[in-house]
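What follows is a short report on a single structure.
The values are calculated or read from the model by the stated rules, or taken from the named source; none is laboratory data. Keep in mind that this is a model prediction, so the values were computed, not measured. No Cβ is skipped: glycine too gets one built from the backbone with ideal geometry, and neighbour counts run over all protein chains shown. Calculation scope for accessible area: heavy atoms of the full protein, side chains included, ligands and nucleic acids excluded. Shrake-Rupley method; radii C 1.70, N 1.55, O 1.52, S 1.80 Å.
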Amino acid sequence: WRPWETPYASVYETASGETRIVELPDGSKVNLNANSKLTLAENWTNAETREVWIEGEAYFEVVKLAEGGRVPFVVNAGETRVVVKGTAFNVKHRESDEADVVLEEGIVSVLTDPQEMVVDEHHELTMKPGERVLVKSGQLERKESVRTDEFTSWKDGVLIFRDTPFTEVAERMKELYGKEVLVDERLMERKIGGVVRVQERSLFLKGLSEA
């Protein structure tokens, strides 16, 4: 079921270079990155599951409901589901069969079988703070420990790069500004570092050119 196909859904979107904070009915907050869309059903507060759908990238701060109100919070990113237990994390889903989850605090379970909430060792992985999980074509492709601020700093209006391949920086610009960046093949794997303010696009481009 794709809720954005029904008139009874709430949809929140952002344009190129724009971010937006959305407060959900339960008090949870979602910070939408540029070129992203968040969807939830109109009867969301009365459903058995607090379920949302993300296209693009978002940072979630999910409230833990009081005793007696343990309604699961589930983020759908394509064919990947992230089951939440009161936490803060980042989800990126821009390719149809890919999802990128970074956990900052709390606990989440990443499921790769969208048909079932029942999980098994082949389709479920429980994340700890400081971990990143990549999912592709329904498979848990990679799990690694990371410095989470490199993946979540966008919500504070800055981008942090630490020995980041040039190609990844170019891809980040495409995601944020909707602009294609052409990179000389000889520079593809060159790594750069620095901190850039998201709104200072011209300075960002100048810095990349000089690099």
Out of GLU61, GLU79, GLU57, I need the residue that is within 15 Å of the chain's Cα centre (by Cα), at pLDDT 90 or above and surrounded by fewer than 22 Cβ atoms within 10 Å (Cβ to Cβ). Which one? GLU61
Which of the following residues is open to solvent by less than 70 Å² (accessible area, probe 1.4 Å) and touching a residue at least 40 places away in the same chain (Cβ under 8 Å): VAL101, VAL198? VAL198
Consider LEU111 carefully, then state whether it is at pLDDT below 95 and open to solvent by less than 10 Å² (accessible area, probe 1.4 Å). yes
Report, by residue number, each residue of the range 173-194 that is under 16 Å from the mean Cα position of the chain (by Cα) and open to solvent by 30 Å² or more (accessible area, probe 1.4 Å). LYS174
Return the residue satisfying two criteria in turn: it lies in the range 122-150 and is hydroxyl-bearing (Ser, Thr, Tyr) and in contact (Cβ under 8 Å) with a residue 40 or more places away in the chain, and of such residues it is most open to solvent (accessible area, probe 1.4 Å). SER137
What are the residues in the range 85-98 that are within 21 Å of LYS37 (Cβ to Cβ) and open to solvent by 10 Å² or more (accessible area, probe 1.4 Å), if any? LYS92, HIS93, ARG94, GLU95, SER96, ASP97, GLU98
I'd like to know if the range 43-50 contains one or more residues that are of a type outside the set (D, E, K, R), in a strand (DSSP E or B) and either open to solvent by less than 20 Å² (accessible area, probe 1.4 Å) or under 24 Å from LEU140 (Cα atoms) (or both). no
